[in-house]
Structure formats: structure tokens, C-alpha cells
1. Has segment 164-174 got any residue that is basic (Lys, Arg) and in a helix (DSSP H, G or I)?
2. Taking segment 105-148 on its own, how many of its residues are closer than 21 Å to Asn261 by Cβ and charged (D, E, K, R)?
3. Looking at this structure, is Ile209 farther than 28 Å from Pro150 by Cβ and of a type outside the set (Asp, Glu)?
4. Hey, can you tell me all the residues within segment 280-313 that are under 24 Å from Met180 (Cβ atoms) and among the hydroxyl-bearing types (Ser, Thr, Tyr)?
5. Of the residues Leu89, Leu96, Leu112, Leu117, which single one is under 23 Å from the mean Cα position of the chain (by Cα) and without any contact (Cβ under 8 Å) to a residue 12 or more places away in the chain?
6. How many residues does segment 129-148 contain that are touching a residue at least 40 places away in the same chain (Cβ under 8 Å) and crowded, with 19+ Cβ neighbours inside 10 Å?
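Just so you know, all these numbers are worked out from the coordinates, no wet-lab data involved. This is a predicted model, so every value here is computed, not measured. Positions of Cβ are backbone-derived with ideal geometry, glycine not excepted, and every protein chain shown enters the neighbour counts.
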Amino acid sequence: METYYDKLDEIKLIVEKYFTVEDVFYDAGILTFIVSEREIKENFRRLYRDLRQHGFLPNARWREGRVAIRIFRYQEPITPFLKSKRLPLYLFTATLGIVAVDGFLRSWRMGLVDRILEALLYTASIMLIIGLHEFGHIISAKKSGVEASPPYFIPGIPLYLPTFGAVIFQKEPIINRDDMFDMGFSGPLVSFLVSIAVTILAFHRAVWIPEAELAKMEVVTLPSPLLLGLMYSLFQRPGIVPLFTSVGFAAWLGFLVTALNLFPIWQLDGGKIFRSILTTRQYRIVSYVSLAILAIAGYFLFALLLLLMMSGARDIPPLDEVSPLSRRRKMAFAAVFSVLILSFTPWFAF
């Protein structure tokens, strides 16, 4: 295997193509370049692409007030199951089937034809919310030049939770804070918008009955996110209330998944969003505060699971640790908090 020493001159030429090199040395065996530039975002991205073709990765960080670019050999991630090209299809098919069964079982009050139609609409709603969420991540990753896997859907349990969502796997590190923010927020933003569309469908599919009649019926009620209440004010009819079909549950689940994903905890999309602007120490503090909020809000088991997964986890910053988050993305945090507040459903208020 070729080493730094075999490629030193070639790497030096590549770095000098994009930066003014002031010094070159080995720091604990890591080839390090001190460069004079302080604004490096775009040139660092070009450097990354160039070095990546030669089997190396750059990392930029501050060193005594100067920008230090360190060079590492690229190593393929060890993920044996990602080599199976059919596994995503198998998982998608299993999830699709379980969601369809779940929708059919939840529509037991309907006649057979309406029940089948409702199950189809429910299945399409759930799969679009989750699938487009992941494709939002994939599109953002490709835009950033990061290779990602297809979505891996996770089948659930009918009449409980038909799916546990889906995940994608990055095959390369994130280049800078802007990319980290985009890859984190793209999924929840898409699922939020799709959940709004499903909610509109749910109101049109709902059976509207007198409020007094609803009080006599044995129906399952769920705590409602703020946005669902706001949308109700647009669709409400005098003297009657909606009795939602299973499509209503799909909309509710879409908002819940969106909100939970936005919490700044490293395994979740919110982890990338908030890590793009916070230091390692600040991010860790915010993560533990978020876990406490989830536990208090009624999601104790979920918070406990995340806490167990966090233990011993490494912080993975972007390759470019020098360039700050862009002003436009800093302003977009208002949208992040808005989506979280509008979508979140605290169980303690139920």
C-alpha cells in the first residue's frame, strides 16, 4: 500500500493548487499543511474532490490561530450488509406489506370496498412520508457530493407501529457545516410538507358527525400536534366534528416522526442540524437536555434507547471544521424550530 512518503510530492502539488502553503510537517504521523487562507470553504471542497480521487481525505481545523489541513488515507466504511443490493428491496416489500395490513385492520368499521381503498390510501401516505423523507436526505447528499445508500425501510408491528421508519447510510464523510445542516434538515422538511398534504386528505376522508354523537362512541383519541389544531380551524364545520379514518393516523404519525427526528441528539436528523453550529461540548449538553425533555414529555423509553445508543459514541464533525455555517442556514434555524414546535406532540398533556 502506498504511504504518505510515496505520494508526498503529489499531495503537496494538489494542496498548493488551492491554498498558499506556509509550512509542511508531520504531526503525530499525520501529514499537515499550514495555509495562509482563512476563508477556505469552496477551495476546501475542491481539494476534497481532488484528493478523494487519489485515495486521501483532507481535514481542516484551527491550530494556534492558523488553518491546518491534515491529510488522511481514505478507508472504505466496514458495512457488510450494504453489499447486498437486494436487501433494500426486501425490506421495502416487507414494510409495504405490513403497512397495508395495518391499514386494512385499522379500517374495520368500513365496508370491504371502502376498507380496501382506505388501506391503499393509508399505505401510500405512510410510505410517502417515510420514503420521501429519506429521499430528501439522498438528494441533499448527492448535491453535497456525498455518496449514500438507498433507503433501508424497517418493518414494524401491525396495529401498533407499522414501521419504525427508514435509514440511509453515508459512504463518505460530510465536507462542511453547510452540507451537515442541509443533510439533516432536508428529510424532516420533506416529511413535514408531505404530512400536511396527508392531513388535508384526512380531513376530506373524515366522517363528520355531531359532537354529542361522538361523545357516545368508543373511539381512540390521540394527543394532537399544534399544526393539526390550526388546520382544524380551517376545515371545521358548525356543530359537527371529524371522525378520522386511518389516513388521519398516518398524518399524525408523520408529524410525530418529523418532530422526534428534529431533536438535537446525535442519532437523529436534528443531531446533524445542531452539530453544524455547536461545538462538541455545547452539542453534548444540548443532547442531554433534549433527552430530558423527551422523557418529561412522555417518551421515556425512546429517550432511554437513545441514551443507551449515545454511550461511547464518537463525535463526527465535518471535514472542514474551520468554515462557519452560512448566514442563510443560520436564519433557517427559525424554520427548524417552527417545524419542531408545530409537529411535536407531548404525551404529558394528554
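1. Residues of segment 164-174 basic (Lys, Arg): 171.
So of that shortlist, the ones also in a helix (DSSP H, G or I) come out as none.
Checked against the condition, which is being basic (Lys, Arg) and in a helix (DSSP H, G or I), segment 164-174 yields no hits at all.
2. The number of residues fulfilling the criteria is 3.
3. Values: farther than 28 Å from Pro150 by Cβ: yes; of a type outside the set (Asp, Glu): yes.
Yes.
4. Result: Thr280, Tyr283, Ser287, Tyr288, Ser290, Ser311.
5. Going through Leu89, Leu96, Leu112, Leu117 in turn, the sole match is Leu89.
6. Result for segment 129-148: 8.
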